[in-house]
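Scroll down for the structure; my scribbles are underneath it.
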Amino acid sequence: MKRILTAVVALPILLFAIWSRNPYYFNIIAVVALILALGEFYNLSARTGAAPYRLPGYAAALGVPACFIVGHPGWIGAVLAAATCIAFAWSLFSEQEMNTVLASVSTTVFGVAYAPLLGAFLIGIRMLPDTAEHTHLASKLLTLFFAFVMMADTGAYYVGRGFGRRKLAPKISPGKTVEGLIGGLLVAAATGPICKLTFFNDLPLLDSIILGALIGAIGPVGDLAESQLKRGSNVKDSSKILPGHGGMLDRLDSAFFCAPLIYLYARWLFIF
C-alpha cells in the first residue's frame with residue numbers, strides 16, 4: 001500500500017514538472033533527487049570502509065547538471081577533472097589512514113559519475129529546444145522515457161512472478177529471472193507504439209519499438225548494478241526516503257543506465 005500511495009503522490013508531480021512550460025520545475029526536482037542519490041551512494045561506500053569526501057562530491061554533483069542547464073554539456077569533463085583534483089587535494093589534509101585514501105578518492109569521484117552524471121542526461125533532455133517540426137519535444141521524450149522504464153519494470157515483475165524459472169543473477173538478486181527480463185523487454189517494446197499513437201506522433205514507429213526494447217534490456221543492468229552495491233554494503237535499501245520504494249538509488253537505478261541512451265537518440269534524430 002505504501003508503494004502505491006507514494007506513486008499516486010509522486011507521479012502527478014513528475015508529469016506536471018515534465019509538461020510545464022517552465023523547465024526549471026523538473027530541473028529542481030531532478031537536482032534534488034541526484035543529490036539525495038549521491039548521498040545514498042556515499043553512505044553505501046562508507047559501509048565498505050571508504051570515507052568519501054562529501055563536500056567536493058556534492059559541489060561536483062551540482063556542477064554536472066549545471067552544464068546541461070546552461071547549454072554546455074562539454075564542460076562536464078572539466079567538472080569531473082576538477083572533482084578528481086580537489087578530492088586528492090582534500091585527502092592531503094584529512095586525518096584518515098593512507099591505506100584508505102585510494103578508496104575514498106575513488107568513491108568520491110565515481111559517485112559523481114554514477115548518480116549525478118548519468119541522471120543529469122534527463123536534465124539535458126528537458127533543456128532540448130523545440131524545433132519548427134517538433135513541439136513539446138522535451139516533454140514528449142521524457143514522458144516516453146519514464147513510460148519505457150516503468151512499463152519494463154512492471155512487465156518484468158509480473159512475467160517473472162508468473163512464469164519465471166531461470167535465475168538471471170542469483171548471487172545478486174535471487175528474485176530476478178530470465179523470463180522476467182524478456183517480459184520486461186517485450187512490454188517496453190510494445191509501449192513505444194502506444195506512446196507514438198497517444199502523444200508522440202513525430203516519433204518513427206520502428207524507433208519507438210527499438211528504443212523500448214533497448215531500455216527494457218539496459219534497465220535491468222542498472223537495477224542489478226545497484227543491487228550489487230547494496231549486497232556489498234549489507235543493506236536491503238539504499239535509504240527509506242520513499243515509503244515502499246526505498247531510496248532514490250532504488251527508484252532511479254534503471255533510469256540512470258538508460259538516460260544517456262535516450263539523450264543521445266534525441267540529439268541524433270531531432271537536433272543534429
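With n ≥ 4 as the cut-off for DSSP H runs, can you work out [θ] at 222 nm for the chain, using -39500 (n - 2.57) per run divided by the number of residues, rounded to the nearest 500?
-24000 deg cm²/dmol
Using the Cα centre of the stretch 71-189 as the reference point, and only Cβ charges (+1 on K/R, -1 on D/E), how large is the resulting charge dipole? Debye, rounded to the nearest 20.
It comes to approximately 640 debye.
I'd like to know which of ILE218, SER239, LEU261 lies farthest towards the positive end of the charge dipole of the stretch 198-269, counting +1 on Cβ of Lys and Arg and -1 on Cβ of Asp and Glu.
SER239
Would you calculate the separation in nanometres between label points at PHE110 and VAL9, each defined as 7 Å from the Cα along the Cα-to-beta-carbon direction?
3.4 nm
Once amide H atoms are placed 1.01 Å from N in the peptide plane, what residues at a sequence separation of 5 or more from LYS176, or on another chain, have their amide H within under 5 Å of its amide H?
LEU168, ALA169
Below 14 angstrom from the Cβ of ALA147, what's the summed charge of the other residues (Lys, Arg +1; Asp, Glu -1)?
Combined, the nearby Lys, Arg, Asp and Glu give +1.
Run the numbers for ASN201 and THR48: contour at 0.36 nm per residue of separation, minus the present Cα-Cα distance, in nm.
50.3 nm
How big is the dipole moment of the stretch 1-121 about its Cα centre under a simple scheme where the beta carbon of each Lys and Arg is +1, that of each Asp and Glu is -1, and everything else is neutral? Debye, nearest 20, please. Can you show the working numbers first?
Details: 5 positive and 3 negative charges, 90 e Å.
About 420 debye.
Mean Kyte-Doolittle of at least 1.6 plus a Cα span of 18 Å or more along the axis: flag which DSSP H helices in the chain meet both, please.
Details: long enough: 2-19 (26 Å, 1.87); 24-47 (34 Å, 1.24); 54-69 (23 Å, 1.19); 76-92 (25 Å, 2.01); 137-163 (38 Å, 1.03); 178-198 (30 Å, 1.36); 205-233 (43 Å, 0.76); 248-266 (26 Å, 0.98).
Going by DSSP H runs, the hits are 2-19, 76-92.
Among PRO204, PRO52, PRO174, whose mean-square fluctuation peaks in a Gaussian network model of the chain (Cα, cutoff 10 Å)?
Answer for the Gaussian network model of the chain: PRO174.
Could you work out how far apart the two model spin labels at VAL32 and ALA78 are, taking each label as a point 7 Å from the Cα in the direction of the beta carbon, and quote it in nm?
Using points 7 Å along Cα→Cβ, the separation is 3.0 nm.
What shape does the stretch 133-272 have by the C-alpha gyration tensor, where a ≥ b ≥ c are the square roots of the eigenvalues, rounded means a/c under 1.5, and otherwise prolate means a/b greater than b/c and oblate the rest?
prolate
Just how large is the dipole of the chain about the Cα centre, in debye to the nearest 20, putting +1 at every Lys and Arg Cβ and -1 at every Asp and Glu Cβ? If you can, show how the numbers build up before the last one.
On the way: 20 positive and 14 negative charges, 151 e Å.
Rounded to the nearest 20 debye, it is 720 debye.
Hand me the tally of lysine pairs in the chain: alpha carbons under 27 angstrom apart, and the pair either on different chains or 8 or more positions apart.
15
Connecting C-alpha atoms closer than 10 Å in a GNM of the chain, tell me which of PHE163, PHE16, PHE93 has the biggest fluctuation.
PHE93
TRP268 to GLU95: FRET efficiency via 1/(1 + (r/R0)^6), r the Cβ-Cβ distance, R0 45 Å, to the nearest 0.05? Walk me through the numbers before you get to the answer.
On the way: r = 49 Å, r/R0 = 1.08.
Using R0 = 45 Å, I get an efficiency of 0.40.
Would you be so kind as to identify which of ILE13, VAL101, PHE88 lies farthest towards the positive end of the dipole of the stretch 1-134, taking Lys and Arg as +1 and Asp and Glu as -1 on Cβ and the Cα centre as origin?
Result: ILE13.
Place the peptides 116-123, 32-39 in order of packing, highest mean first, counting for every residue the other Cβ atoms within 10 Å and averaging per peptide.
Answer by packing, highest mean first, reads 116-123, 32-39.
Over all distinct alpha-carbon pairs, what is the Kirkwood Rh of the chain in angstrom?
Computed over the chain, the radius equals 19.4 Å.
If you build a Gaussian network model of the chain, linking Cα atoms that sit under 10 Å apart, which residue out of SER254, SER45, SER233 swings the most?
Looking only at SER254, SER45, SER233, the biggest GNM fluctuation is shown by SER233.
Bear in mind that the values in this text are calculations on the coordinates, not laboratory data. Treat the numbers as computed from the prediction; the structure is a model and nothing was measured. Methodologically, a virtual Cβ is constructed for each residue, glycine included, from the backbone with ideal geometry; neighbour enumeration extends over all protein chains shown.
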